[in-house]
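Below is one structure, written out as structure tokens; comments come after it.
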Amino acid sequence: MRLYWSPVELASRLVKRGGITYNFASGSPDPSLLPINDVKRSFETVYENYGTAILAYPGAGGLRELRIEVSRYLNENLNINANWRDIIITAGAQHAIKLLSQLLIRRRTAIYTENPTFVETVAPMRYEGARLIGVPISDDGMDTHELEKLAKNNGPGIVYTVPNCHNPTGGVSLSRDKRKHLLEIADRYELRIIEDDPYTPLHSNAEPALKSMENDVIYVGTLSKILGPGLRIGFVVTSGRLRNNLEMIEQHDFATSTLTQYIVYDLLRRGVANRVIHNARRLYPPRKLRELVDSLNDYLPGGAIMYNPYCGFYSFIRTQINAWDLLRKSIRQGVAFVPGDRFFIDAGKQDTARLSIGSIRTELIRDGVKVLSSIIKGV
């Protein structure tokens, strides 16, 4: 299978060259929320308490102490009741998806997913030879009636979904009725569900996780948006044979760092993650995302916002012109974003883009949208 660069990576490289004032490309969390001093304290604590053990090989599946704390975190924040043994620690959610792809996907395995979807998570699925089948989405999530028609025609497979605070469409969340319908369809047509859920903890009024409604759902979570992506701590919640196989295949690379597992264990134990979540809920939806939506409505033509964002980090927009051409022009004026064509399963829409509120400062959002608007109008 041919490899290709993610548009997120390509846009990030442009940002790293410097000269970017308005960074709408990054999916990283707001730097002001990252608990850097607490990370330092936790490092010192685990260094004192565990010594050279923090530099030893990690055990298969992850540190027992961390898995127990993640179990508590899931119960408190997402109403997911999971035994610590059913939690497999991975080097971020992306690593989790890669491992699941290796275990569950064979050539021509049907993968049903929202269209558009997150390009970086479907990449390892494509690499394993999956047959990706796009399902239309609207503001209340995946069209489950269309999914049922597709499942009838294409047979058993896997549903890969970001049901809450969707990436890249920005806040699209599966309605309660559609969640129930999705679970019914999965049972009826032999579909395994992989729920990818990076953003739900950051939003106080999100719909319940599918995993909290049906234990057979394979849940992929991460602490990257809360404690920082550089720590590379994600996890899978599953059971039975798949859990055992995940523990075994994770030994193929031992990618999870022992040191960062100990640090994150201590951060969770001390309640740091919950404090960050509290602050994030007061920053992202009501301030940053609202500012982005208001600015786009003020300066871009009506209908530019393709979906109604209300949680998560993103807005997905129509740019009216080829987004890669627009990006080359906007970079010269200090604006970066991610073109949207590669987020689509088949032939992508060349005039779409994903804008992120993650790392840009709130006070820069409106001016950044103004600059982007002037470039679009001047083309």
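The values are calculated or read from the model by the stated rules, or taken from the named source; none is laboratory data. The shown structure was predicted, so the numbers you read here are calculated from the model rather than taken from an experiment. With ideal geometry, Cβ positions are generated from the backbone for all residues, glycine too; neighbour counts draw on all protein chains shown. These area figures cover heavy atoms from the full protein model, side chains too; ligands, DNA and RNA do not enter into them. Shrake-Rupley method; radii C 1.70, N 1.55, O 1.52, S 1.80 Å.
Out of every Cα-Cα pair that the range 163-237 contains, those further apart than 18 angstrom amount to 42 percent. The value given for the chain is a Kirkwood hydrodynamic radius of 21.2 Å, derived from the mean inverse Cα-Cα separation.
Between the DSSP loop rule and a limit of at most 10 other Cβ atoms within 10 Å, which chymotrypsin sites (Phe, Trp or Tyr not before Pro) in the range 101-197 are left? Answer by residue number: there is no such site.
Between Asp187 and Trp5, the modelled label-to-label distance comes to 4.7 nm, taking each label 7 Å out from Cα in the direction of the beta carbon.
Pairs of Cα atoms in the range 7-106 fall into 10 Å distance bins, from 0 up to the last occupied one, in shares of 11, 25, 35, 24, 4 percent. Note on the range 225-265: semi-axes of the ellipsoid equivalent to its C-alpha gyration tensor, largest first and rounded to whole Å, are 22, 12, 8.
Surface listing: Phe254, Phe343 arranged by accessible area from highest to lowest gives Phe254, Phe343, probe 1.4 Å.
Its Cα gyration tensor gives the range 199-249 an equivalent ellipsoid; the semi-axes, largest first and in whole Å, are 22, 18, 4. Residues Arg282, Arg107, Arg318, Arg179 ordered from highest to lowest accessible area at a 1.4 Å probe: Arg107, Arg282, Arg318, Arg179. Go through Tyr160, Ser26, Asn244 and say which Cα lies farthest out towards the positive end of the charge dipole of the chain; charges sit on Cβ, +1 for Lys and Arg, -1 for Asp and Glu. Result: Ser26, furthest along the dipole toward the positive end. Remark: accessible surface ordering of Tyr50, Tyr57, Tyr73 (largest first) is Tyr57, Tyr50, Tyr73, probe radius 1.4 Å. In a simple Cβ point-charge model (Lys, Arg +1; Asp, Glu -1; nothing else charged), the range 134-227 has a dipole of about 80 debye relative to its Cα centre.
Computed over the chain, relative contact order equals 26 percent, with contacts defined as Cα pairs under 8 Å that lie 6+ residues apart.
Taking 21 Å as the cut-off for C-alpha to C-alpha distance, list the pairs among Lys98/Lys288; Lys329/Lys377; Lys40/Lys288; Lys178/Lys225 that go past it. Among Lys98/Lys288; Lys329/Lys377; Lys40/Lys288; Lys178/Lys225, the Cα-Cα distance tops 21 Å for Lys98/Lys288; Lys40/Lys288; Lys178/Lys225. A dipole drawn for the chain from +1 and -1 charges on Cβ atoms has a positive end, and of Leu99, Asn205, Leu147 the residue lying farthest that way is Leu99. Please report the spacing between the Cα centers of the range 188-255 and the range 327-379 in Å, no decimals. With the range 188-255 and the range 327-379 each reduced to a Cα centre, they are spaced 30 Å.
Each Lys and Arg Cβ is given +1 and each Asp and Glu Cβ -1; about its Cα centre, the range 198-327 then shows a dipole of about 480 debye. Evaluating 6.51 cos²θ - 1.76 cosθ + 1.60 at θ = phi - 60° for every residue in the range 98-112, the Karplus couplings come out as 4, 5, 5, 4, 5, 7, 9, 10, 10, 4, 6, 4, 7, 10, 8 Hz, glycine and proline recorded as x. Value of Rg to Rh for the range 13-57, rounded to two decimals, is 1.22; Kirkwood radius and Rg both from alpha-carbon coordinates. Computed from the Cα positions only, the extents of the range 87-139 along the three principal axes stand at 33, 28, 17 Å, in decreasing order. Note down the Stokes-Einstein diffusion coefficient of the range 274-333 in µm²/s, whole number, using a Kirkwood radius over alpha carbon pairs, 4 °C, and 1.567 mPa s. D = 98 µm²/s. Put a plus charge on the Cβ of each Lys and Arg, a minus charge on the Cβ of each Asp and Glu, and nothing anywhere else: the dipole of the chain about its Cα centre is then about 720 debye. Shape annotation for the range 69-157: C-alpha extents along the principal axes are 42, 30, 22 Å, from largest to smallest. Hull volume per residue, based on the alpha-carbon atoms of the range 302-379 and their convex hull, is 102 Å³. Since only Ile185, Val70, Ile54 are under comparison, the one whose Cα sits farthest along the positive direction of the charge dipole of the chain, derived from C-beta charges on Lys, Arg, Asp and Glu, is Ile54.
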